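The values are calculated or read from the model by the stated rules, or taken from the named source; none is laboratory data. If you're wondering where the values come from, they're calculated on a predicted model, not measured in any experiment. Cβ atoms come from the backbone with ideal geometry, glycine included; neighbour counts cover every protein chain shown. The accessibility values were calculated without ligands, DNA or RNA, using every heavy atom of the protein model including side chains. Shrake-Rupley method; radii C 1.70, N 1.55, O 1.52, S 1.80 Å.
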Amino acid sequence: MRAVVQRVSHASVTVEGEVVGEITRPGLMALVGVTHTDTEDEARRIARKLWTLRVLEDEKSCSDVQAPLLVVSQFTLYGDARKGRRPTWQAAAPGPVAEPLVDAVVKELRDQGAEVATGVFGAQMSVGLTNEGPFTVIVEV
């Protein structure tokens, strides 16, 4: 499981003109990708990592300051563009495998006490954010 994590001052996800997920104060935006071999164990591990990752101001984590997270599924994180001009998506898990695992990430975060907003799995989403720093890191488990 892989996540691209950005430190943000605010972020939102819009589907068909409607905001479906939003955080309005400093926190993390996490684009989460799932591959074929991922399990609920990886989902729990990456959720705990996101919740405790010390990347906010003064090296604090979301858990330290109760910062919100916006979690958006993104199968393209497992795209491979090393050959040719068109990426392949073979390493990305199909929807029936990926969706419950992204849901498990969100559930684990909420079980840990996190405020979590989300996108809509499989939807055409517009993501808007202000990246503070800028700060972006890739997290893999």
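What to note about this one:
- Residue count for region 28-44 under the criterion of being open to solvent by 10 Å² or more (accessible area, probe 1.4 Å), touching a residue at least 12 places away in the same chain (Cβ under 8 Å) and either closer than 17 Å to Gly113 by Cβ or among the acidic types (Asp, Glu) (or both): the result is 4.
- Hey, Ala67 of a type in the set (Gly, Ala, Ser), closer than 20 Å to Ser9 by Cα and in contact with a Cys (Cβ under 8 Å, 6 or more places away or on another chain) or not: no
- Output for region 122-132, where each listed residue is farther than 18 Å from Ile23 by Cα, open to solvent by 60 Å² or more (accessible area, probe 1.4 Å) and of a type outside the set (S, T, N, Q): Gly122
- Only listed residue being among the charged types (D, E, K, R) and touching a helix residue (DSSP H, G or I) at 6+ places or on another chain (Cβ under 9 Å), chosen from Arg82, Arg54: Arg54
- Residue count, region 1-13 (criterion: β-branched (Val, Ile, Thr) and either surrounded by fewer than 18 Cβ atoms within 10 Å (Cβ to Cβ) or over 15 Å from the mean Cα position of the chain (by Cα) (or both)): 1
- Residues satisfying the stated conditions in region 93-133, i.e. on the phi < 0 side of the Ramachandran plot, of a type in the set (Gly, Ala, Ser) and in a loop (DSSP other than H, G, I, E, B): Ala93, Ala114, Gly119, Ala123
- Residue selected from region 76-106 under the condition under 13 Å from the mean Cα position of the chain (by Cα) and surrounded by fewer than 19 Cβ atoms within 10 Å (Cβ to Cβ), by the criterion nearest to Trp51 (Cα to Cα): Asp103
- Residues of region 72-92 satisfying the condition of being in a loop (DSSP other than H, G, I, E, B) and touching a residue at least 24 places away in the same chain (Cβ under 8 Å): Gln74, Ala91
- Condition check for Thr24: open to solvent by 10 Å² or more (accessible area, probe 1.4 Å), over 22 Å from Pro134 (Cβ atoms) and more than 16 Å from the chain's Cα centre (by Cα): no
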